[in-house]
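Right, one structure below, let's go through it.
Computed from the coordinates by the stated procedures, all read-outs in this text should not be read as laboratory data. Being a predicted model, the structure only gives us computed values, none of them experimental. Every residue, glycine among them, receives a Cβ derived from its backbone with ideal geometry; neighbour counts consider all protein chains shown.
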């Protein structure tokens, strides 16, 4: 529910304090595994009113076996902390219960909340202290047990786990932790459960009829159920298994179950741009922060803003980009544009199941649109251009122009003079062209980081340049 590691006050929490006494985020003491902070109740000056109150966001107790737990530590014997539950944040409506505080080590308080089933409640903490003393609060959780190997029904779905789990009831489909997950799609309010456990375990989900998408987020990425989606016919039930789930000591593992709609988008796109070069080409660039169940991209171009009129300009689907950290960057050069024109570009993202999502349009102005359009210039010279991007990892584009039709050979060498890759192209007309190298040799093996030479040969023309593979 809350470990007080992020912004303070946490989202949805409220506090009431008096006379410069305060509740703050503190790094003096913390209980969270690998954490730094806790909530600190402090009486900073002598006052007639030391009362301080901290209240959680509203929590729906929607299953029967719910457990409250929180950890606490005090500075000296005169500190007092109480806790309570009510349906609002008025301190007078709480039946405050004393907490058994210790000055020596962190202590845990636990309580079964089954008496509050089907109620929306607030969890409250009341502090009363002396001058310059403090009480620390950390790792507040409201959870539901899933005993090991015991089928437990939650929201109409029967979950069986090979290890003992708790469900963090504060984690919902719109919780900030969930909304921040890569490619998460909350279009249809899926069932979302935050799972707490220790070690590696397997989950089995028993579902009724429907077209179910079941997946789980752990260890920094999405992991999919044994059938994705799982299509169960009317009147029947089905089983989806999710294996080798790493349950951590601190972070929730997020289980997402959706009927009818895939709760993940194939791409989390952070950039989509187009720029005009000095040669009046258009370079389209985009960056994916993450890709899930993804097939590739298409680029569409139109002379108006209507996507229905756009044509695909790439010959085959684009599915190899250049990695920079966790990002994947792509570039495509459109040579077939007129000068004195306005163009609109869309990026089509295609998932493995064939569904598409469109980004754009972005507008590109080439020359002066009030003047007569000028067709693409036939190259006056045959020329090898700089690879783009350069440095790269693992893909780069080798661009060249031909003043006349002919055969082209592009060879890539390492610095030992060993040939790595050869491309043989044949063009029936002059123009601007490019090939993409994926940093693999002729056998499809990935090559090492370093400097590589690429050489173009056509007719009487030969030219070579350098490029850097930086993994």
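Structure notes:
- Nearest-0.05 FRET efficiency for residue 404 and residue 29, computed from C-beta distance (R0 60 Å): 0.20
- Cut-off 20 Å, label 7 Å out along Cα→Cβ of residue 436, residues of segment 254-290 by amide N: 266-277, 281-290
- Working from Cα pairs under 8 Å separated by at least six residues, relative contact order for the chain is 9 percent.
- Relative contact order for segment 267-366, counting Cα pairs under 8 Å that sit 6 or more residues apart, in percent: 32 percent
- By other beta-carbon atoms within 10 Å, ranking 455, 40 with the fewest at the front produces 455, 40.
- Full-stretch length increase - residue 92, residue 305 - with 0.36 nm per residue and alpha-carbon distance subtracted: 70.6 nm
- Across segment 383-469, Cα pairs under 8 Å and at least six residues apart give a relative contact order of 33 percent.
- Sequence of 403, 409 once ranked by neighbouring C-beta atoms within 10 Å, starting from the fewest: 409, 403
- Distance in nm between pseudo-label sites at residue 426 and residue 22 (7 Å out along the Cβ direction from Cα): 7.7 nm
- Per residue of the chain, the DSSP helices (runs of n ≥ 4 H) give a summed -39500 (n - 2.57) that works out to 0 deg cm²/dmol at 222 nm.
- From the C-alpha gyration tensor of segment 94-156, square roots of 5λ in Å: 31, 16, 9
- Inter-site label distance for residue 226 and residue 111 at 7 Å from Cα along Cβ, in nm: 4.1 nm
- Kirkwood Rh in Å, taken over all unlike Cα pairs in segment 383-469: 13.1 Å
- Averaging the Cα positions of each part gives two centres, and for segment 245-301 and segment 96-127 these lie 42 Å apart.
- Virtual spin-label span in nm between residue 158 and residue 463, 7 Å along Cα→Cβ: 7.0 nm
- By other beta-carbon atoms within 10 Å, ranking 442, 348 with the fewest at the front produces 442, 348.
- Rounded FRET efficiency, nearest 0.05, which uses the C-beta distance separating residue 390 from residue 185 and R0 of 35 Å: 0.45
- Among [x] 22.1; [y] 31.8; [z] 20.9, the entry that matches mean projected area of the Cα convex hull in nm² as calculated here: [y]
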